[in-house]
Each structure stands twice: as structure tokens, then as C-alpha cells.
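**Student:** My questions all concern the structure below.
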Amino acid sequence: MNYRTIIGDRKIELEQDYMGKKAWPEFMQHDAIVGKYWANLYSDFLDYQFAVKSDNSLVGVGNSIPVHWTGDFSKLPAQGLDWAMEKAVDDKKENQIPNLLVAVQILINLDLRSKGMSYKLLDSMKLVAKNKGIKQIALPVRPTLKHKYPLIPMQKYIEWTNEKGEPFDPWLRVHIKAGGKIVSVCSESMKIQGEISEWKEWTGLNFQSSGLYTIEKALCPINIDLANNIGEYIEPNVWIIHST
């Protein structure tokens, strides 16, 4: 098959929106910071959005944002994706020259999963960085199978291995095989808050006691506080660095 990378095409937004709604659970659509700055991906950072196609078929889409980082690349903020979304917009306002490309998401066509397409999307993201003269890529990775083990701390989970001594999680394994390096856990990568009625709508569950709940597709429990009518989910991700 002939694969080609498409960068900066406004049609990517429509494809990303369609694929994202199929890929992510409803509660993941309600991160306040991501929601606040999402439109900036296509208004201010169009050249960092990409898709991969094979002939006329869509393989997947990717979203990324450029930031200026003065610290050690192995010591990126615990706020992960939320930090990157906000910082990219602030950096642009201040005319900062970016030196780090941060992945927002990579979405693979559901019909093509487990067929090595992730490597194609990672290569395309590296191409985006190279085109902009950026040598480092950071991804706040959401491990594929972590939701099946929500009570295991992320720091412990990333130490799990398979029978070959490789990372247990398939998405982490892809990154390592593609030359990436796990550098840290970003323990507060996404923060999602909502009223109890909203969490009922998002999850289909009934919350009649305050406390921690495990919900489908969440990487860790959510905290329900009936007295204050609020539920909070703080998602940990894993910072992985790639060099271009």
C-alpha cells in the first residue's frame, strides 16, 4: 500500500471529530482546559494537525501542539496534556519559539487497529516536527489497557512487562519499539469535573454515596462528593519522549 501524510488540511478537523467520538468515552469530552483551547488547534496550529491515508482510505489522524520548554525534557510537568494545551496558546501570544512538539492524540481507524498503523502515525508526527525544525516530541500517553486495572497506580503499571520483558501495555510497547523513552508519569494530565447529574449522564451510573468509583474506560477511580455536588476525575498519563 502507498501511505501518504497530509498536514494542515482543514478536512482533518472533520475526520478527527468523527473518529474521536467513536474512540473516546463521553466523560473524556469534558476536560475544561482541553475544551477551552481545542479550537486553537485549527485556528493557530493547523500546520501541526495531520492525517495518514492509504490510497483513498483514512488510516488515522493526529493532533499536536508546539511549546517552548526551557527545562529538562525528562522533567515535564505533571499536568501533562492540560499544561501543554494552555502553554501552547500562551507561547504563541508571547512569540516564543517552540522547541518541543506535544502530542494531543493519535486516532487509528477502528478497522485497522492491531495492524501496525500506530507506527505510521508516529512517523508522521515526527515529520511534522522535522518540518518545523523541532527535535523533540513528548507524548502524554494514555496506556491502552490501563482502564482494565484502575486500582493499580500508574507508576506501578508502567513497570509491568510481558513474557519477553517488554512493556505489558501494547501502546507503551509501540512507543518503546519506535525509539521512545518513558521518562515519567504525568499524574494530573487531564482534570474532568462535573455535577453529579452530569456524571450520571456520562456514565449511566447511579451515585448515592460519596467516595471513589471505578467507571468504564477510566484509568483510575473518580471521586464523588455528594455534599458539594461534584465528581472529579484526574487522569494520569505517561510522558514518553521521542527524538526526530
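**Student:** Counting only the heavy atoms of the protein chains, how much of residue 156 is accessible to a 1.4 Å probe, in Å² to the nearest 10?
**Tutor:** Residue 156 exposes around 120 Å² with every protein chain in place.
**Student:** So for region 143-244, if I pair up every lysine 8 or more residues apart or on another chain, how many of those pairs have alpha-carbons under 20 Å apart?
**Tutor:** 17
**Student:** Over region 9-89, how many pairs of lysines fall under 29 Å by alpha carbon, counting only those 8 or more apart in sequence or from different chains?
**Tutor:** Value for region 9-89: 14.
**Student:** A further question follows. About the Cα centre, and with charges only on the beta carbon of Lys, Arg (+1) and Asp, Glu (-1), how big is the dipole of region 118-239? Nearest 20 debye, please.
**Tutor:** Working: 16 positive and 13 negative charges, 181 e Å.
In total the dipole reaches around 880 debye.
**Student:** If the reach is capped at under 12 angstrom between alpha carbons, list the aspartates and glutamates near residue 132, excluding any in the same chain fewer than eight residues apart.
**Tutor:** 47
**Student:** Here is a follow-up. Please give the length that would be gained between residue 93 and residue 162 if that part of the chain were fully extended, namely 0.36 nm times their separation in residues minus their C-alpha to C-alpha distance (nm, one decimal). Write down the numbers at each step before the final one.
**Tutor:** Values: separation 69, 0.36 × 69 = 24.84 nm, distance 4.51 nm.
Extra length available between residue 93 and residue 162 comes to 20.3 nm.
**Student:** With +1 assigned to the C-beta of every Lys and Arg and -1 to the C-beta of every Asp and Glu, and no other charges, what is the dipole magnitude of region 128-191 about the Cα centre in debye, to the nearest 20? The partial results should precede the final answer.
**Tutor:** Working: 12 positive and 5 negative charges, 64 e Å.
Dipole of region 128-191, to the nearest 20 debye: 300 debye.
**Student:** For residue 108, tell me the accessible area in Å² from a 1.4 Å probe, rounded to the nearest 10.
**Tutor:** Its heavy atoms expose roughly 20 Å² to the probe.
**Student:** Hey, got the dipole for the chain? About the Cα centre, +1 on K and R Cβ, -1 on D and E Cβ, debye to the nearest 20? Before the final figure, lay out each step's value.
**Tutor:** On the way: 29 positive and 29 negative charges, 200 e Å.
Here the chain has a charge dipole of around 960 debye.
**Student:** Right, something else. On a C-alpha basis, how far is the centre of region 10-34 from the centre of region 45-62 in Å? Whole number, if you could?
**Tutor:** Cα centres, region 10-34 to region 45-62: 15 Å.
**Student:** Distance between Cα centroids, region 175-204 to region 206-244: provide it in whole Å.
**Tutor:** 8 Å
**Student:** Please work out whether region 86-220 counts as rounded, prolate or oblate from its C-alpha gyration tensor, where a ≥ b ≥ c are the square roots of the eigenvalues and a/c under 1.5 means rounded, while otherwise a/b larger than b/c means prolate and anything else oblate? Could the numbers behind the result be given before it?
**Tutor:** On the way: a/c = 1.98, a/b = 1.31, b/c = 1.52.
Because a/c hits 1.5 or more and a/b fails to exceed b/c, region 86-220 counts as oblate.
**Student:** At q = 0.08, 0.13 Å⁻¹, what base-10 log of I(q)/I(0) does the Debye formula yield for the chain when every alpha carbon is treated as an equal point scatterer in vacuo?
**Tutor:** One equal scatterer on each Cα of the chain leads to -0.30, -0.82.
**Student:** Still on this structure, I have one more. How do 4-11, 56-63 rank on mean C-beta neighbours within 10 Å, highest first?
**Tutor:** Details: 4-11: 13.5, 56-63: 19.8.
So the order, starting with the most tightly packed, is 56-63, 4-11.
The values are calculated or read from the model by the stated rules, or taken from the named source; none is laboratory data. Quick caveat: nothing in here was measured; it's all calculated off a predicted structure. Because the Cβ atoms are built from the backbone with ideal geometry, glycine has one as well, and the counts that use them run over all protein chains shown. Heads up: the accessible areas ignore ligands, DNA and RNA and are worked out on the full protein's heavy atoms, side chains in. Shrake-Rupley method; radii C 1.70, N 1.55, O 1.52, S 1.80 Å.
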